[in-house]
Amino acid sequence: MRFLLFIGRRIALALPTVLILSTLIFLLQRMLPGDPALALAGGEAVDARMLDEIRHKYGLDLPVYVQYGRWLAGALHGYLGVSMRNDIGVSELLAGKLGITLQLALASMAIALAIGIPLGIVAATRKGRLGDAVASGLALTGISIPHFWLGILLVLAFSVHLNWFPASGYVPFREDPVRSVMGFVLPSIVLGTGIAGVLMRHMRSAMLDALQADYVRTARAKGLSEWRVVLRHALRNALMPVVTLGAIEFGQLLAGAVLTEQVFSIPGFGKLLVDSVLNRDYQVVQGLVLVSSVMFIAASLLADVLYFVINPRLRT
Amino acid sequence: MRKLPSLLFLTLAACLAGHAAAQGVLRIGLNEDPDTLDPTLNRLATGRQPLTALCDKLFDVKTDLTLTPQLAAGYEIAKDGLSVTLKLRPGVKFHDGEPVDAQAVRYNIGRHMQLPGSLRRSELSMVDHVDVVDAATVRFVLKAPQANLLLFGLAERAGMMVAPQAAQRLGDRFGSQPVCAGEYRFVERVPQGRIVVEKFTDYWDAAQTKGDPDRIEYLPISDSTVRLSSLRSGQIQIAERLTPADLPQLAGDARAKIVSASDLGYHYIRYNSGNGARAATFRDVRVRRAVDLAIDRRVLVKALFNDQYLAGNQFVNPNSRYYDKAHPVPARDVAAARRLLQEAGVPRLAFSLLVPPERERQEAAQMIQAMLAEAGITMKIETQEDAVMLQNARRGDFDAIFNFWSGRPHPDGNIYAHIACSGPQNDSKFCDPELDKVMVQAREATSDGERERLYRQVNAILATDYPVSVLWHRRTFTGLSTKVSGFVPHPDSTIRVKGIRLQP
C-alpha cells in the first residue's frame, strides 16, 4: 500500500512537470529566429502567396495561444500533429523511432552495467592497489573519450578494416535479425563505455562506504567468505545510488544520443530532434520533448520501484 | 533439449539464407534525409534521388543536357509557340494499376499548379491550362511562348506523374506513401533511417531493366566521412556527394572508386543592392565590383578544394554551351579594387557576410576575408543557421550573403528567379529592366542558337551590373563499390538507377 501511494504521488507530481515543460518548449520554439515556412521552402522560388499557403496549412498563421491550445487538445487525444518536413503524423513518426531508441538505450545500458558494476566492485575491494588503478584508469578513459571520436575509431577498425560490424545504418529486427543486432554493437559500445565510467566511479565510492559499515564487519566476524560479504551484503546496499544514477543515464539515453546517432546514422530520437530544431519543425520538436520527458519520468519511476525491490526496509 | 542445437542451427541458416537472398539490394548513402516524397511539394535536391526511381517524368535530361522522352513519346510545338502537344507512351501504368493517360497528366499539372504550398507552381508559370485531346494526347496551352522552358520543366519534378486516385485518397499523406509510374514502387520509409523501393513488375520499360537491382534502399548518412566508411566497409554500394577531401582516402582502396561530373550549381555572394536600409553599402556598382575584383577564385578553388572544383564567374559553369567565353573568370586585381573604392568614396569599406554553418562556405569566407583585407576592405563573417539566414535575406537584413544554388539543366532555372526584378529568389531586390527583357526573350527563344546569343547578352549586362559574384562550381563526386557497374554520373547530380548492375 505504501508503495502504491508513493508511486501515485510521483505520477501526480509528474503531470504538472510535463505540462510546464511542454508550454516552455512551445514558447521557446516560437522565440527562435527563423520563419518555419521559409525554412520549409528552403531556397526554392517561393513568393509571399506560397509562404502564406504553407503557414495556413500548418496553422502557423494562428495566434500562438490558439496554436498551443490546439496542440494541447490534440495531445490529450493522442494526436501530436504533423511533421512539416515530410507530412508524416508526429505520433506515427515517434512510434517508429521509439523502438530504435529503446533498443539502443537498452543495449548501451546493458554494456554500461556489465562493465561499470564489476569494475567498481574490483576497484573498491582492491583499493589503493593495481586493480583499483587499472579500473579507475579505464573509467576515466571511458568518461573522457569523446563519443564522436570513439565512434569513428571503432568504425575504422571494426567496419572498414576488419569488416566485422556494419559502419552505419539501421535494419529492423524483423527483416534481418543478424544485421539488426550487429548494427547496434558499435554504437552501444560507444554510449555504454561512457556511462560505464560514471557508474564505476559511483559504484566504487558506494562500495567503499558499504565495506566500512558495521554489518559488513559483523558478516566478516561471522566467518563468511570475502566474496559472499562483498556480493551478498555490501553490494546490495551499495547499489542504491547506482540505481538512481543508472535511471538518470537511461532516461537521458531515451531522449536520444545525438552524436552517436549521427556517427552511425541511427534514426533515433536524438537525430530527429536536431534536424527538427534546425528545420523549425515545431510539431515534431514538441512531440519529441513530450515523449522524452514522459519516458524520463518513467525511468525515474522504475528506479523507485527498484529501490523497493533492493531495499526491504522501504517496504515496511 | 537435444533439439535445441539443431533448432538454433536452422534459425542461423535461415538468417544467413535471407542475407544471401538479398544480393539484389542496392544501398545508396544519401547526404541528408529527403523531405516529402510528393513531387509537388518536394524541395531538397536529395529528395530527387528516391523520386527519380519512383516517379518517371514526361521527359528526362541526358548527360549532355538535351531532352529525351520518358512517359511522353514525343511532342510538337505550335508555330506561334503558344501550345505544346504531347503524345503519351501507350500502355503505361501507375504502381496501383491506374493508366498513365491524358486525364492523369491534366490532373497532375493541375495539382502542381493548385496544391497549397506547391513548389512546382513557379516552374509551370507559363502554363494557362491543359487540354485533353484524346486518351493518349494532351495539349499544354501557354500564356507566353515559352515551350522550351516548359519542356525542361517537365523533365524535372514538375514532369513527375503521380497516380490521381491515390493522390486524392491519401491527400496530405501522399508524400509518405507515393504512388507513381517509375521503375520502382514505394515499400517503406523510416524517417532519417531509410527509404525502401522495389522493382515494379508492370513497369513500361521492364524489358530494358531486367538486370537492374530488385530493391533499393536509400540511407541518409549526413556525414561524408561516415558515408565513405560505409562504402569502404561494403555497407552501401553508392555514396552520393563525397567531398574533395574524401578523394585521397579512396585512392588506394580496391573496394571502391570515384566517378564525377560537373555540377550545374554554383556558389555565390549576393550583394544587397536594393532591399531595405542595409542596401546602402552595395547600391553603388563600383563597390560591388571592387569586392569581386579583390577575390581570387582560382586560389579559393586550389586551396580549399584541391583544384577539384571549377572557378566560375557566371551562372553556368565554364563547360556549358551557355558560358560566355568573352567574359572569362577575372584575375584578381587589388589595385583596381582599391581604385574603385576610392572613386565610390568608401576607401575603408566594411560589411558583414552572412554564412551558414557549413564547412565549405565557412572556410571560403575566411579566405575571402583575408583577401579583402589586402584591398582595405573589412568583412565581418556572421554565421547564421539556414532558417535564420533565409529569413534575414528575405527581409533585407543583410549586406551580403554567401549562397548556393543547386542548378537546373535549363539556364533560365539558374538565373531568372534569382536576378529578375520580380524574381522570388531575388532577395537583394536587384533590378535591371533591360536585363529582364533579354531574359524573357531567352525564355521565348525557339532555337538553341538564339538562346545562346541571348544568354551572351545577359552575361554582358551582368558583367557590368555585378548583382552577385559567382565564385565556383562544384563537381559531384559519387563513390561506387567495385561491385557496381553501369552507373553514369549526371550533371544534375541525380542518380539514374536504370542500367545499374550489381554483382553478388
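The values are calculated or read from the model by the stated rules, or taken from the named source; none is laboratory data. Quick caveat: nothing in here was measured; it's all calculated off a predicted structure. Here the Cβ positions follow ideal geometry from the backbone for every residue, glycine too, while neighbour counts run over all protein chains shown.
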* Given the residues B:422, B:469, which is the only one that is in a strand (DSSP E or B), closer than 24 Å to residue B:392 by Cβ and in the same structural domain as residue B:286 (by TED's automatic domain parsing)? -> B:469
* Structure fact -> Of the candidates B:340, B:390, the one satisfying the condition of being surrounded by 22 or more Cβ atoms within 10 Å (Cβ to Cβ) and under 26 Å from the mean Cα position of the chain (by Cα) is B:390
* Asked: What residue, among those in the range A:145-182 that are more than 9 Å from chain B (Cβ to nearest Cβ) and under 18 Å from the mean Cα position of the chain (by Cα), is nearest to residue B:27 (Cα to Cα)?
  -> A:148
* To do: Output the qualifying pairs, or none if there are none: Cβ atoms under 9 angstrom, residues six or more apart or on different chains, first residue in the range B:62-90 and farther than 22 Å from residue B:101 by Cα, second residue assigned to a strand (DSSP E or B) and β-branched (Val, Ile, Thr).
  => B:62/B:68; B:82/B:141
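Yes/no per residue for (1) modelled with pLDDT of 85 or more; (2) crowded, with 23+ Cβ neighbours inside 10 Å; (3) under 30 Å from residue A:179 (Cβ atoms):
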| site | (1), (2), (3) |
| --- | --- |
| A:211 | yes, no, no |
| A:229 | yes, no, no |
| A:235 | yes, no, no |
| A:245 | yes, no, no |
| A:254 | no, yes, yes |
| A:258 | no, no, yes |
| A:261 | yes, yes, yes |
| A:266 | yes, yes, yes |
| A:270 | yes, yes, yes |
* Considering residues of the range B:84-125 that are within 26 Å of the chain's Cα centre (by Cα) and polar (S, T, N, Q) only, the residue farthest from the other protein chains (Cβ to nearest Cβ) -> B:108
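Restricting to the range B:378-397, name every residue that is in contact with an Asp or Glu (Cβ under 8 Å, 6 or more places away or on another chain) and away from chain A (no Cβ under 11 Å).
Our first condition is that a residue be in contact with an Asp or Glu (Cβ under 8 Å, 6 or more places away or on another chain); within the range B:378-397, this holds for B:387, B:390-391, B:393-394, B:396.
Residue satisfying the conditions is B:396 alone.
If a residue counts only when it is touching a residue at least 60 places away in the same chain (Cβ under 8 Å), which helices (runs of 4 or more DSSP H) contained entirely in the range A:206-307 have at least 2 such residues?
Details: elements: A:214-221, A:235-254, A:258-264, A:269-278.
It comes to A:235-254, A:258-264, A:269-278.
Select, from B:319, B:313, the only residue that is surrounded by fewer than 16 Cβ atoms within 10 Å (Cβ to Cβ), part of a loop (DSSP other than H, G, I, E, B), in contact with a strand residue (DSSP E or B) (Cβ under 8 Å, 6 or more places away or on another chain) and not charged (D, E, K, R).
Details: B:313 fails: surrounded by fewer than 16 Cβ atoms within 10 Å (Cβ to Cβ).
Every option except B:319 fails the conditions.
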